[in-house]
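A.B. asks: Take this structure, written in structure tokens, and hold onto it; I'll ask about it next.
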Amino acid sequence: MSNVIIYTATGCSHCHEAKEFFREHGIQYTEINITEDKEARREIMRKGVMSAPYIIVDGQEYRSFDREQFEELFKK
């Protein structure tokens, strides 16, 4: 099982799409909302990330959500 963390923002349609993808594929994830968690926002901004979703899968960073890319990554 993969370790998935999704940094999201309130009202972010791409964030919603990413979460929906993981739910549809039965992939558990941890969500961190950077609108509500100011320290998490500062943390990802120090990495140069300026938008959501920011997704980490088993330590690999993805700075956007590309459905095809994640379908390939999680092929069964």
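A.B. asks: Starting from the Cα-Cα distance between S2 and K47, subtract it from 0.36 nm times their residue separation and give me the gain in nm to one decimal.
C.D. replies: That works out to 14.0 nm of additional length.
A.B. asks: Something else: Counting other Cβ atoms within 10 Å, keep those with at most 14, restrict to DSSP loop, and tell me which trypsin sites (Lys or Arg not before Pro) in segment 16-62 are left.
C.D. replies: Loop-located and lightly packed - K47.
A.B. asks: Which whole-number percent gives the relative contact order of segment 1-75, counting Cα pairs below 8 Å spaced six or more residues apart?
C.D. replies: Answer for segment 1-75 is 39 percent.
A.B. asks: Considering only the chain, what is the antiparallel percent among its DSSP beta bridges, to the nearest 5?
C.D. replies: 65 percent
A.B. asks: On a full-extension model of 0.36 nm per residue, what is the gain between E71 and H25, subtracting their alpha-carbon distance, rounded to one decimal in nm?
C.D. replies: The span from E71 to H25 would gain 15.6 nm if fully extended.
A.B. asks: Assign unit charges at the C-beta atoms only (+1 for Lys and Arg, -1 for Asp and Glu), then state the dipole size of the chain relative to its Cα centre in Debye, rounded to the nearest 20.
C.D. replies: 200 debye
A.B. asks: Just name one of S13, N33, N3: the one whose Cα is farthest towards the positive end of the charge dipole of the chain (beta-carbon charges, Lys/Arg +1, Asp/Glu -1).
C.D. replies: Of the options given, the answer is N33.
A.B. asks: Here's another thing I want to ask about it. Using the eigenvalues of the Cα gyration tensor, what equivalent ellipsoid semi-axes result for segment 4-73 when each is taken as the square root of five times the eigenvalue, whole Å, largest first?
C.D. replies: 19, 13, 11
Bear in mind that the values in this text are calculations on the coordinates, not laboratory data. On a predicted model such as this, the values are computed, not experimentally measured, just so you know. Every residue, glycine among them, receives a Cβ derived from its backbone with ideal geometry; neighbour counts consider all protein chains shown.
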